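K.L.:
Take this structure first; my questions come after.
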Amino acid sequence: MANGDDDARLLAEGVAAANIPTLLMVLVQLTGEQDWLEPPYRPRRAHGMGDNDTGRLPDAIQAEIRESALEAIVAWRAGRPVAIPSPTPELLVRMLSCAMGDEIPLDYAPMMASQNGLDQVLASPIERVPEGFRVLVIGAGVSGLAMAVNLQVAGIPFQVVEKGRTVGGTWRENRYPGAGVDSPNHLYSFTFAPHDWSMFFALREELQGYLELVTDAFGLRDAIRFETEVESATYDADAQQWEVDVRCADGTNETLKATVVVAAAGIFNPAKFPAIRGLETFEGPCFHTAQWREDFDLAGKRVAVIGNGASAMQLCPAIQNIVESMTIFQRSSQWAAPFEQFQKPVPQALRYLFNEVPLYRQWYRTRLGWTFNDRIYDSLHKDPTWPHPERSLNPTNDAHREFFTQYIVSELGDRTDLLDLALPRYPPFGKRMLLDNGWYRMLRNGRVTLVGDSIAEVRPNQVVTEDGREFDVDVLIFATGFDVLRFLSAFDVRGRSGCTLRERWGDDDARAYLSVAVPDFPNFFVLYGPNCQPGHGGSFMFVAEMVIHYVMSVLTQMAEEGIASVEIRQDVHDQYNESVDREHEQMVWTHPGMETYYRNSKGRVVVNYPFRNIEMWNKTRQADLTEFITEAPATQHVEERQSV
Ligand SMILES: Cc1cc2nc3c(=O)[nH]c(=O)nc-3n(C[C@H](O)[C@H](O)[C@H](O)COP(=O)(O)OP(=O)(O)OC[C@H]3O[C@@H](n4cnc5c(N)ncnc54)[C@H](O)[C@@H]3O)c2cc1C
């Protein structure tokens, strides 16, 4: 906190730059005056997914809100207590409905309370943990770190093994220019670790820094064994524990034992390379975005980028003016939405407000938690009566299509010749919706060529397309994504029957109950498992926290009730997966008009969660152990048998 005069000035500047609907909520909570929730102060709904900074209110009303909010904040800083420290669920939903200009159903209240910091997603301390009960977490990315924090808070002994030299996972690995999030960071951060973000959508250095900070803030580093790679994990049913073979930093092998294994190995690996004739003959540097050559200077080079998905959309605009020329080979076009805060720094004054007035930060996050939530869920359902099923799903999805199309047209300007290549034919949201960071405008750059024809072959210094065009290139960059569909493919996991996960799942058909539990694999949980990712929006950090809450609920019950093993019942697992597949049939992700990494070779969606986020929230609150086969400790069985 700055000294008196500076504090007053910085607060005033922060309030002057603040988002009006957020400020309004701070004002209501600080003063308790609920008239602010009604017209003429009630914000109007935003078009699109932007922050709606003005609330679409007249200038005079905005000024009145800012003035009153500043007064209330100054009074609170001077010692006046918050009038409504904990809004009731009804009031919380009423406030959020006002702040969004939407009608938010009451059942979202508990989830929104967690976004708001009124309730926590984090586990509670456990009273009694049985001797020898121990959890091994594989991976120290977002999921593994959040799991470790929860285990630590609960007081369950654990260890994390991480093959890399430090934490971060995705954000440690993806170092290409422009790498960053397309979820806003005041939402894409742990509920238990708010942060002073310098950008609304951070780049990878800041994300990596954040994860390093969380690791140290929670004292996790000593619990992580770095440069230790899991090679296999085998369940010993007699001992009711896992034996995990790891390769250590010094090249030796070791077997670690644990009651429970949590696999948090991520899905965005390994890097995927397409099979292209003649690729091995290419003479220049050739690398994947996830294996970025930081030693290599692209300046003045003729660069070919293969792929135009999420990584290319970030990379290409970032390097367009460094290279001599850039040819982008696309397989299909992508929808990308405008978002006014994208690539913008958070103004210093606003950072002060975020840091010094937690209510502002909490309400800002809560609003994002609604925008990037179930708001568009209904519009992603196929309407069987809709007459244009090839281009959209229903009237709302068609309106989205029109909105995004107009945006693309306006960005391409006089380059209408590019429209055919740049405009997707499939419905919006069919693939992961991207944020436009200047992609369409970049296509107008004279150095950039977008090619829609398939690549026929690569020669020592050329890429040749099926239609016979030859492109001279010095560098080949693969922005071709990851082998997402083969969950946990990097190591063998062997369950109770001796069967491996790979054998059970086939090549690319992974299934799990609630994305975490698999029959025949007792005491084994997957984070970022099959059908975990909400395709319609959200922050994976919050998703990870929800899923971990469920795992912690299982572990807490195991510890407190002295249960030695839990294994999800086959019937429960099957029924759940049938419901997943059934729901997906109604959703955009099974639309035949596009290829997507969400679907496996059989066309089954294995990556996305098909239900509303609120359903995931409700299902992950409390594990029902009647859905599991549970075992008492083996020693207890022996004692029981002996006493009989
Ligand atoms: C470029 C990019 C941008 C993204 N942007 C967003 C976004 O905007 N919003 C969003 O919600 N999500 C985004 N994601 C998804 C992102 O992956 C998740 O948000 C999150 O980082 C996943 O964390 P994780 O811990 O589950 O997996 P990872 O980050 O992949 O971490 C897994 C860890 O496990 C380790 N590991 C793997 N195998 C082993 C082994 N055998 N032994 C030991 N350790 C092992 C790895 O080294 C790694 O550190 C993005 C992904 C990418 C690639």
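K.L.:
Output the qualifying pairs, or none if there are none: Cβ atoms under 8 angstrom, residues six or more apart or on different chains, first residue in segment 63-80 and in the same structural domain as residue 12 (by TED's automatic domain parsing), second residue modelled with pLDDT of 95 or more and of a type in the set (Ser, Thr, Tyr).
P.N.:
That search, which allows pairs on different chains as well, returns 64/41; 65/41; 68/31; 72/31.
Residue by residue, here is whether (1) part of a loop (DSSP other than H, G, I, E, B); (2) closer than 30 Å to residue 476 by Cα holds:
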position: 233; (1), (2): no, no
position: 238; (1), (2): yes, no
position: 245; (1), (2): no, no
position: 249; (1), (2): yes, no
position: 256; (1), (2): no, no
position: 262; (1), (2): no, no
position: 266; (1), (2): yes, yes
position: 269; (1), (2): yes, yes
position: 273; (1), (2): yes, yes
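K.L.:
Do we find a residue being outside the structural domain of residue 315 (by TED's automatic domain parsing), in contact (Cβ under 8 Å) with a residue 40 or more places away in the chain and either within 16 Å of residue 537 (Cα to Cα) or of a type in the set (Phe, Trp, Tyr) (or both) anywhere in segment 381-399?
P.N.:
yes
K.L.:
Which one of the conditions (1) in contact (Cβ under 8 Å) with a residue 60 or more places away in the chain; (2) out of contact with any Leu (no Cβ under 7 Å at 6 or more places or on another chain); (3) of a type outside the set (Asp, Glu); (4) surrounded by fewer than 22 Cβ atoms within 10 Å (Cβ to Cβ) does residue 247 fail to meet, given that it meets all the rest?
P.N.:
(1)
K.L.:
Take the conditions in the same structural domain as residue 603 (by TED's automatic domain parsing), of a type outside the set (Ser, Thr, Tyr) and on the phi < 0 side of the Ramachandran plot and apply them to residue 548. Does it pass? Talk me through it step by step, then tell me what you get.
P.N.:
Working: in the same structural domain as residue 603 (by TED's automatic domain parsing): yes; of a type outside the set (Ser, Thr, Tyr): yes; on the phi < 0 side of the Ramachandran plot: yes.
For residue 548, the condition - in the same structural domain as residue 603 (by TED's automatic domain parsing), of a type outside the set (Ser, Thr, Tyr) and on the phi < 0 side of the Ramachandran plot - is met.
K.L.:
Here is a follow-up. Of all residues in segment 496-546, count the ones that are of a type in the set (Ser, Thr, Tyr) and at pLDDT below 95. Spell out the reasoning first.
P.N.:
Taking segment 496-546 as the starting set, the residues that turn out to be of a type in the set (Ser, Thr, Tyr) are 497, 500, 513, 515, 528, 539.
From the residues that got through so far, the ones that are at pLDDT below 95 too are 539.
Here the count works out to 1.
K.L.:
Within segment 450-473, which residues are charged (D, E, K, R) and assigned to a loop (DSSP other than H, G, I, E, B)? Walk me through it before giving the result.
P.N.:
Narrowing segment 450-473 to residues charged (D, E, K, R): 453, 457, 459, 466-467, 469-470, 472.
Residues satisfying the conditions are 453, 466, 467, 469.
K.L.:
Across segment 505-534, what is the number of residues that are in a loop (DSSP other than H, G, I, E, B), surrounded by 24 or more Cβ atoms within 10 Å (Cβ to Cβ) and of a type in the set (Gly, Ala, Ser)?
P.N.:
So the answer is 4.
K.L.:
Based on what the data block shows, is residue 60 under 28 Å from residue 48 (Cβ atoms) and under 34 Å from the mean Cα position of the chain (by Cα)? So that I can check it myself, show each step before the final result.
P.N.:
Details: under 28 Å from residue 48 (Cβ atoms): yes; under 34 Å from the mean Cα position of the chain (by Cα): no.
The answer is no for residue 60.
K.L.:
Of (1) surrounded by 14 or more Cβ atoms within 10 Å (Cβ to Cβ); (2) more than 30 Å from residue 173 (Cα to Cα), residue 413 satisfies all except one. Which?
P.N.:
It is condition (1) that residue 413 fails.
K.L.:
Then there is this: Give all pairs with beta carbons closer than 6 Å in which a residue from segment 151-180 that is of a type in the set (Val, Ile, Thr) meets a residue that is away from the ligand (no atom under 12 Å from the Cβ) and part of a loop (DSSP other than H, G, I, E, B); count only pairs at least 6 apart in sequence or on separate chains.
P.N.:
153/122; 153/123; 156/129
K.L.:
Which ones in segment 143-201 are at pLDDT 95 or above, within 13 Å of the ligand (Cβ to nearest atom), in a loop (DSSP other than H, G, I, E, B) and of a type in the set (Ser, Thr, Tyr)?
P.N.:
Those that are at pLDDT 95 or above, within 13 Å of the ligand (Cβ to nearest atom), in a loop (DSSP other than H, G, I, E, B) and of a type in the set (Ser, Thr, Tyr): 166, 176, 188, 189.
K.L.:
Which members of segment 599-611 meet the condition of being at pLDDT 95 or above and either surrounded by fewer than 17 Cβ atoms within 10 Å (Cβ to Cβ) or among the hydrophobic types (A, V, I, L, M, F, W, C) (or both)?
P.N.:
Matches in segment 599-611: 605, 606, 607, 611.
The values are calculated or read from the model by the stated rules, or taken from the named source; none is laboratory data. Source: prediction; values computed, not measured. Cβ coordinates were reconstructed from backbone atoms using ideal geometry, including for glycine residues, and neighbour counts include every protein chain displayed.
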